[in-house]
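As structure tokens, the structure follows; a few thoughts come after it.
The values are calculated or read from the model by the stated rules, or taken from the named source; none is laboratory data. Bear in mind that the values here come from a model prediction, so they are computed numbers and not experimental data. Backbone-built Cβ (ideal geometry, glycine too); neighbour counts: all protein chains shown. These accessible areas exclude ligands, DNA and RNA; they are computed on the full protein's heavy atoms, side chains included. Shrake-Rupley method; radii C 1.70, N 1.55, O 1.52, S 1.80 Å.
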Amino acid sequence: QVQLVESGGGLVQAGVSLRLSCASSGSIFSGSDMGWYRQAPGKQRELVALIRRGGSTYYADSVKGRFTISRDNAKNTVYLQMNSLEPEDTAVYYCNAAYRSLQVWGQGTLVTVSS
């Protein structure tokens, strides 16, 4: 059974940086496309960044140039480096693994950015 555990969230002021981590158990990590999603209060969950198993990446327009997604297959971990945080980035951030028809979600980590 695959599990994803996020860490690194917290309360920060606008302009600072945070790095989120998502550690995966199980054997599917290297074959999975890994994504970071977020859900702000009263809003739908949205894709923030994606790193495919081959290493190509995608970013939502709202985070391009500020966020960087990376993965370490040896550690079964995906990261989201978030720079120049804005109050609009406040949300619960979820890690997702997509492996063939399997979708696995983490429990989420809260990021709160104060102005």
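Within the stretch 22-35, being under 21 Å from residue 64 (Cβ atoms) and open to solvent by less than 20 Å² (accessible area, probe 1.4 Å) holds for 22, 34, 35. The set of residues in the stretch 45-97 that are among the hydrophobic types (A, V, I, L, M, F, W, C) and over 26 Å from residue 115 (Cβ atoms) comprises 50, 51, 74, 78, 95, 97.
In the stretch 86-115, the residues that are without any contact (Cβ under 8 Å) to a residue 40 or more places away in the chain never reach a residue that is in a helix (DSSP H, G or I) and among the basic types (Lys, Arg) with C-beta atoms less than 9 angstrom apart, at least six apart or across chains. You will find that of 5, 12, 63, the residue that is over 18 Å from residue 100 (Cβ atoms), in contact (Cβ under 8 Å) with a residue 12 or more places away in the chain and either basic (Lys, Arg) or part of a loop (DSSP other than H, G, I, E, B) (or both) is 63 and no other. A single entry from 38, 19, 71 fulfils the requirement of being out of contact with any Pro (no Cβ under 9 Å at 6 or more places or on another chain), open to solvent by less than 30 Å² (accessible area, probe 1.4 Å), in a strand (DSSP E or B) and at pLDDT 95 or above: 38.
Entry remark, the stretch 59-93: residues being aromatic (Phe, Trp, Tyr) and over 23 Å from residue 3 (Cα atoms) number 2 in total. Taking into account only those residues within the stretch 1-16 that are open to solvent by 70 Å² or more (accessible area, probe 1.4 Å) and of a type outside the set (A, V, I, L, M, F, W, C), which is nearest to residue 115 (Cα to Cα)? It comes out as 13. Selection over the stretch 41-60 of residues that are open to solvent by 20 Å² or more (accessible area, probe 1.4 Å) and either among the hydrophobic types (A, V, I, L, M, F, W, C) or in contact (Cβ under 8 Å) with a residue 60 or more places away in the chain (or both) gives a count of 2.
Please work out if residue 91 is of a type in the set (Gly, Ala, Ser) and either closer than 16 Å to residue 19 by Cα or open to solvent by 60 Å² or more (accessible area, probe 1.4 Å) (or both). Considered against the rule, which asks whether it is of a type in the set (Gly, Ala, Ser) and either closer than 16 Å to residue 19 by Cα or open to solvent by 60 Å² or more (accessible area, probe 1.4 Å) (or both), residue 91 comes out as yes.
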